[in-house]
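Here is the structure we will look at.
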Amino acid sequence: MQLSKIKNGFRLLLSGMERMVLEEILKSLSLLYLKAPDELDERIRRQWYDIEGLLVSGYEHEREYWLGHLQSMRSERIGLISAWIGIMEKFPPGSPAVWDVPEDQVESLLMVFNDHRLYLAAWADIQEEDMHMEFTKLPEGPKKESLLMIHFMEAVQEWIIRAISEDED
Amino acid sequence: MKTSAQGFYTQAATAVPDVKERKKESTQKQPARGWIVVVWNDHINTMSFVVHVFRKVLGFNTSKARIHMMEVHVQGKSCVAKENREKAELYWEQLKGYGLRVTLESTD
């Protein structure tokens, strides 16, 4: 993957494999975003829709409002995600892709990528010590696969943040 | 904080409650008071991501964003804003939208 600044945004050059991985991530997130919090796996629900901190501050009577609001914030991203998938699908299957991300979509992209990291961490029960484990020492399995993807997405996030911060500092 | 499907397009989104109505009703019941927005440590969100979010959502400059990020990292939490209820809620939902752990606390 290569990232370069372009006018009013940045360009991602994706290998065939990277593009396939990102497409799958975006598709699976779209499906999850459609679900109401109560329909999600408990681990994911707690990660994305934890409003306990709000409820203890006197918001008990607004529980449904805030859960619905947080879910609608996510479901509103689906149109954009579909457009991103459409961009990648314009390239022949398995081939590299060029993805130009306009400035006004950058924050949504960061949120979506971060949601995927949070999702994986919740799903695979990733603890703090796991995040610092030497990768080669981890046994094969879902936890190792999730950590690999979490770190990959982290690298993508870092590149994006670095690229967009250059103009701001 | 960390240091370092096909066919879905056509599915209908799950219905959400009539949020505007609920909000209007509940806001009218609450007396005016101050609220603080607290961001809590977690082991998935990265330092640079948190700094970025603080800058975008709260309008902090990089230096202030880093100070609050380090407070979250070292002390476990940071009070990032003290506002009226409406503004505090806005910050809360925006920070939640990025995936940060955030709570609201009344100053009363």
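The values are calculated or read from the model by the stated rules, or taken from the named source; none is laboratory data. What you see is a predicted model; the values in this text were computed from it and never measured. Positions of Cβ are backbone-derived with ideal geometry, glycine not excepted, and every protein chain shown enters the neighbour counts. Just the protein is used for accessible areas: all its heavy atoms, side chains included, with ligands, DNA and RNA removed. Shrake-Rupley method; radii C 1.70, N 1.55, O 1.52, S 1.80 Å.
Taken as a whole, the structure places B:Asn45 among residues that are under 21 Å from A:Asp115 (Cβ atoms), within 9 Å of another protein chain (Cβ to nearest Cβ) and among the polar types (S, T, N, Q).
May I ask you to list the residues in region A:96-121 that are surrounded by fewer than 20 Cβ atoms within 10 Å (Cβ to Cβ) and among the β-branched types (Val, Ile, Thr)? Hits for region A:96-121 are A:Val98, A:Val106. The residues of region A:34-46 that are at the interface with chain B (Cβ under 8 Å from one of its Cβ atoms), in a helix (DSSP H, G or I) and under 24 Å from A:Leu110 (Cβ atoms) amount to a single one, A:Leu34. Hey, does region A:80-95 have a residue that's under 22 Å from B:Lys56 (Cα atoms), surrounded by fewer than 17 Cβ atoms within 10 Å (Cβ to Cβ) and among the aliphatic types (A, V, I, L, M)? So far as region A:80-95 goes, yes, one or more of its residues are under 22 Å from B:Lys56 (Cα atoms), surrounded by fewer than 17 Cβ atoms within 10 Å (Cβ to Cβ) and among the aliphatic types (A, V, I, L, M). Restricting region A:8-52 to residues that are hydroxyl-bearing (Ser, Thr, Tyr) and more than 15 Å from A:Val112 (Cβ to Cβ) leaves a set whose member that is surrounded by the fewest Cβ atoms within 10 Å (Cβ to Cβ) is A:Ser15. Kindly list the number of the only condition in (1) part of a loop (DSSP other than H, G, I, E, B); (2) touching a Gly at 6+ places or on another chain (Cβ under 8 Å) that fails for A:Pro92. It fails just one condition, (2).
Which residues, taken from region B:62-108, are on the phi > 0 side of the Ramachandran plot and at the interface with chain A (Cβ under 10 Å from one of its Cβ atoms)? Reasoning before the result, please.
Start the filter on region B:62-108 by keeping residues that are on the phi > 0 side of the Ramachandran plot, which leaves B:76, B:99.
Result: B:Gly99, single match.
Filtered by the rule that a residue be assigned to a helix (DSSP H, G or I), at pLDDT 90 or above and either of a type in the set (S, T, N, Q) or open to solvent by less than 50 Å² (accessible area, probe 1.4 Å) (or both), region A:55-79 gives A:Tyr65, A:Trp66, A:Leu67, A:Gly68, A:His69, A:Leu70, A:Gln71, A:Ser72, A:Met73, A:Arg74, A:Ser75, A:Ile78.
The single condition from (1) exposed (fewer than 12 other Cβ atoms within 10 Å of the Cβ); (2) within 28 Å of A:Lys35 (Cα to Cα) that A:His132 fails is (2).
Inside region A:59-90, can you point out the residues that are in contact with a Phe, Trp or Tyr (Cβ under 8 Å, 6 or more places away or on another chain), hydroxyl-bearing (Ser, Thr, Tyr) and either farther than 20 Å from B:Lys96 by Cα or within 7 Å of chain B (Cβ to nearest Cβ) (or both)? Listed by number, the residues that qualify are A:Ser75, A:Ser82.
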